[in-house]
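Trainee: I have a structure here, written as structure tokens, and I will follow up with some questions on it.
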Amino acid sequence: MFKDARKKIIVWFVPILVSMFVIGCGSEDPILGQSVSETSLVPTVVAPKVIAVTPLNNESNVSYNLKHITAEFSVAMDNTTITDTSFTLLDGNSTVTGTVDYANRVADLTLDANLSQDTLYTATITTAAKDTNGVALANDYVWTFTTGSSADETPPTVLSTSPRNGATGVLSTKIVTATFSEPMKALSVTAAGVFTLIETNSTNSVDGNVSYSVINKIASFKPTSVLAPDTNYTANIKNTVTDLAGNTMLLDYNWTFVTADANVTVELVDFGLAAPFGIASTAGVTNTGTAPNTVIDGDAVLNPTATCNGVQILFTDGPGFGLCGGFAPSINGTVVTPLYPDAITAQPVTDDLRAAYLSITPANMPGGTAIAAGTTLGAPIGDPLVEGDNLFYTGVYTSITSILITGDLTLDAQGDPDATFVFQSASTVGTAVGARILLAGGAKASNVYWQAGSDATLQTNTVWNGNILAYRDITMVTGASSCGRLFAGAFTDGLFVFDSNHVSVPGHASAPGTCE
């Protein structure tokens with residue numbers, strides 16, 4: 001099915017202390033989908049960081065014929081400070097010789113010879129490395145890896161693309177991306193003429209900027225202007241691109257897609273009949289009834305178990321939650337049950353929600369970037385943004401355990417209003433008390449998807465953005481709010497637990513104006 005998960009990801013937001021006066025009027029708190037203005041205050045001095053390296057820290061069995069050691073920075077760096085003295089590799093106390101290059105926030109140490117087998121190496125980027133404002137790293141960045149006894153002789157391949165080959169109805173603002181099978185030499189990908197886009201029928205070249213993300217293994221082609229509507233495009237990556245061992249692709253990689261007609265919106269995930277539903281549950285709902293009470297902006301479907309606080313919702317109770325033990329949530333919409341408004345409406349809605357859940361699982365949306373710290377995403381308010389930790393750009397991200405948001409987590413669309421984010425968890429999705437999902441750069445909650453392999457729990461005063469599709473239960477603790485649909489019980493009994501919460505379908509007439 002045409003629902004590709006590599007659509008897009010967000011412009012940066014940094015909450016800050018304001019000193020004497022406010023620079024940049026109109027900034028807003030990102031509550032319930034509220035975006036952050038690019039005129040938000042930024043600290044006068046924020047040290048650059050190393051946000052991704054290859055090989056990974058503590059990685060073992062690294063191919064001994066590795067030719068490139070790479071490091072990606074959080075900001076643009078002064079290339080004159082990225083040298084063979086600020087970026088080094090040691091075998092014990094002996095320096096491994098090589099040449100250092102820098103471009104597009106990625107430093108590359110090209111080694112002069114093969115590494116020794118079964119050997120521990122230490123790579124370091126020192127505080128001599130400075131950004132374009134002259135600000136140095138706060139500390140030396142040090143990581144280690146160990147070689148094995150085998151060489152890498154496998155050519156790299158393109159695992160997936162966005163848009164997919166043959167895709168139609170692609171938005172004219174699309175950033176074209178390709179995900180590789182293994183880490184690549186960044187400079188081989190971003191070199192002029194390597195990753196190109198043309199109009200298929202006219203062969204006119206599209207101007208654009210190419211970047212490569214070390215942490216994602218994703219090459220991105222961002223057109224400098226919007227693509228023409230209803231036009232066939234061909235993307236090409238030349239086989240000159242190399243992996244870190246110097247292996248090239250066997251052949252050029254080409255794919256085509258067709259843009260949509262003007263003003264057509266294409267959704268990544270098709271909710272079908274479930275699109276207007278704010279919550280769904282297969283095992284009923286529980287609501288505390290404490291003040292202020294839970295508010296739902298959107299419809300609710302309770303199927304096959306239609307109970308609220310253990311009380312059966314009857315046909316005559318429609319379109320609301322019925323008696324609900326005296327503590328019914330408020331709803332700006334309709335509660336659909338196996339009885340209301342009839343005996344046939346509820347099941348097709350549940351079926352469409354289950355199809356949506358399946359569409360974003362790793363089985364149907366493979367190739368996601370592994371989340372390095374699946375239980376510790378996010379950071380305290382005001383911490384610098386670090387890609388892969390408290391900052392994510394458009395893409396698909398996968399945790400083989402759980403996903404727990406412990407602080408502020410920023411999703412940055414980088415100016416693309418259609419940027420899409422998918423987070424896949426093999427187990428739970430949850431938050432710590434007061435955690436916030438922040439949207440920046442035009443990111444929208446409607447384009448964010450969280451797939452929970454078991455349960456989802458939003459702790460006290462969580463500010464959540466994005467749709468949650470959970471295999472089992474969803475629990476919202478006191479004061480938690482969500483701009484995004486919440487679906488409990490994809491393929492088993494799933495209970496929904498409320499406690500003075502606010503849930504909104506993005507764009508609903510009763511939702512906060514910034515929830516979209």
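The values are calculated or read from the model by the stated rules, or taken from the named source; none is laboratory data. What you are looking at is a predicted structure, and each value in this text was computed from that prediction instead of being measured. In this analysis, Cβ positions are derived from the backbone assuming ideal geometry, glycine residues included, and neighbour counts consider all displayed protein chains.
Trainee: Where residues in the stretch 279-313 are among the hydrophobic types (A, V, I, L, M, F, W, C) and more than 25 Å from Thr492 (Cβ to Cβ), which of them is surrounded by the most Cβ atoms within 10 Å (Cβ to Cβ)?
Mentor: Within the stretch 279-313, the match that is surrounded by the most Cβ atoms within 10 Å (Cβ to Cβ) is Val295.
Trainee: Also: Which condition breaks for Ser399 when tested against (1) under 15 Å from the mean Cα position of the chain (by Cα); (2) farther than 13 Å from Gln451 by Cα?
Mentor: (2)
Trainee: Next question, about the same structure. Within the stretch 193-212, is even one residue on the phi > 0 side of the Ramachandran plot and acidic (Asp, Glu)?
Mentor: no
Trainee: Yes or no: Thr376 surrounded by fewer than 22 Cβ atoms within 10 Å (Cβ to Cβ) and under 20 Å from Val53 (Cβ atoms)?
Mentor: yes
Trainee: If you don't mind, another one. For residues in the stretch 51-65 being crowded, with 19+ Cβ neighbours inside 10 Å and within 29 Å of the chain's Cα centre (by Cα), which is modelled with the highest pLDDT?
Mentor: Going through the qualifying residues, I end up with Val62.
Trainee: Go through the residues of the stretch 247-259 one by one and say whether even a single one is of a type in the set (D, E, K, R) and at pLDDT below 95.
Mentor: no
Trainee: Another question about this same structure. Sort out which residues of the stretch 339-363 are in contact (Cβ under 8 Å) with a residue 60 or more places away in the chain, polar (S, T, N, Q) and part of a loop (DSSP other than H, G, I, E, B), and write them in order of number.
Mentor: The one that is in contact (Cβ under 8 Å) with a residue 60 or more places away in the chain, polar (S, T, N, Q) and part of a loop (DSSP other than H, G, I, E, B): Thr361.
Matching residues to (1) buried (at least 24 other Cβ atoms within 10 Å of the Cβ); (2) assigned by TED's automatic domain parsing to the domain that holds Gly382:
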residue	(1), (2)
Thr406	no, yes
Pro417	no, yes
Ser454	no, yes
Ala470	yes, yes
Thr475	no, yes
Thr478	no, yes
Ala488	yes, yes
Pro512	no, no
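Trainee: Given the structure, is Thr394 closer than 26 Å to Leu159 by Cβ and either modelled with pLDDT under 95 or surrounded by fewer than 24 Cβ atoms within 10 Å (Cβ to Cβ) (or both)?
Mentor: yes
Trainee: Which condition breaks for Gly278 when tested against (1) assigned to a loop (DSSP other than H, G, I, E, B); (2) closer than 30 Å to Val301 by Cα?
Mentor: Going through (1) assigned to a loop (DSSP other than H, G, I, E, B); (2) closer than 30 Å to Val301 by Cα one by one, Gly278 breaks only (1).
Trainee: Is it the case, given these coordinates, that Ile237 is under 25 Å from Cys324 (Cα atoms) and touching a residue at least 40 places away in the same chain (Cβ under 8 Å)?
Mentor: Judged against the criteria, Ile237 is not a match.
Trainee: Here is a further query. Quick check, is Gly441 under 19 Å from the mean Cα position of the chain (by Cα) and modelled with pLDDT under 95?
Mentor: When the stated conditions are applied, Gly441 passes them.
Trainee: Restricting the stretch 192-245 to residues that are within 30 Å of Ser74 (Cβ to Cβ) and exposed (fewer than 15 other Cβ atoms within 10 Å of the Cβ), which is modelled with the lowest pLDDT?
Mentor: Filtering first and then ranking leaves Val226.
Trainee: Still on this structure, please answer the following. What's the number of the condition Gly415 fails, among (1) within 14 Å of the chain's Cα centre (by Cα); (2) in contact (Cβ under 8 Å) with a residue 40 or more places away in the chain; (3) within 25 Å of Pro384 (Cβ to Cβ)?
Mentor: Condition (1) is where Gly415 drops out.
Trainee: For Ala123, work out the one condition from (1) in contact with a helix residue (DSSP H, G or I) (Cβ under 8 Å, 6 or more places away or on another chain); (2) over 23 Å from Ala191 (Cβ atoms) it doesn't fulfil.
Mentor: (1)
Trainee: So Thr161 passes all but one of these: (1) farther than 24 Å from Asn65 by Cβ; (2) free of Cβ contacts under 8 Å to residues at least 40 places away in the same chain; (3) surrounded by 14 or more Cβ atoms within 10 Å (Cβ to Cβ). Which condition number does it fail?
Mentor: (2)
Trainee: While we're on this one: Based on this model, can you work out whether Pro292 counts as in contact (Cβ under 8 Å) with a residue 12 or more places away in the chain, in contact with a strand residue (DSSP E or B) (Cβ under 7 Å, 6 or more places away or on another chain) and not aromatic (Phe, Trp, Tyr)?
Mentor: no
Trainee: Testing Gln424 on (1) under 11 Å from the mean Cα position of the chain (by Cα); (2) modelled with pLDDT under 90, one condition comes back false. Which one is that?
Mentor: Only one criterion in (1) under 11 Å from the mean Cα position of the chain (by Cα); (2) modelled with pLDDT under 90 is unmet by Gln424, namely (2).
Trainee: Condition first: small (Gly, Ala, Ser), within 35 Å of the chain's Cα centre (by Cα) and over 13 Å from Thr286 (Cα atoms). Now tell me which residues in the stretch 299-319 satisfy that.
Mentor: Ala300
Trainee: Every residue in the stretch 225-279 that is within 22 Å of Phe487 (Cβ to Cβ) and among the hydroxyl-bearing types (Ser, Thr, Tyr), please.
Mentor: Thr265
Trainee: Name the residue, out of Val100, Val106, Val142, that is loosely packed, with under 15 Cβ neighbours inside 10 Å and in contact (Cβ under 8 Å) with a residue 12 or more places away in the chain.
Mentor: Sole residue among the options that is loosely packed, with under 15 Cβ neighbours inside 10 Å and in contact (Cβ under 8 Å) with a residue 12 or more places away in the chain: Val142.
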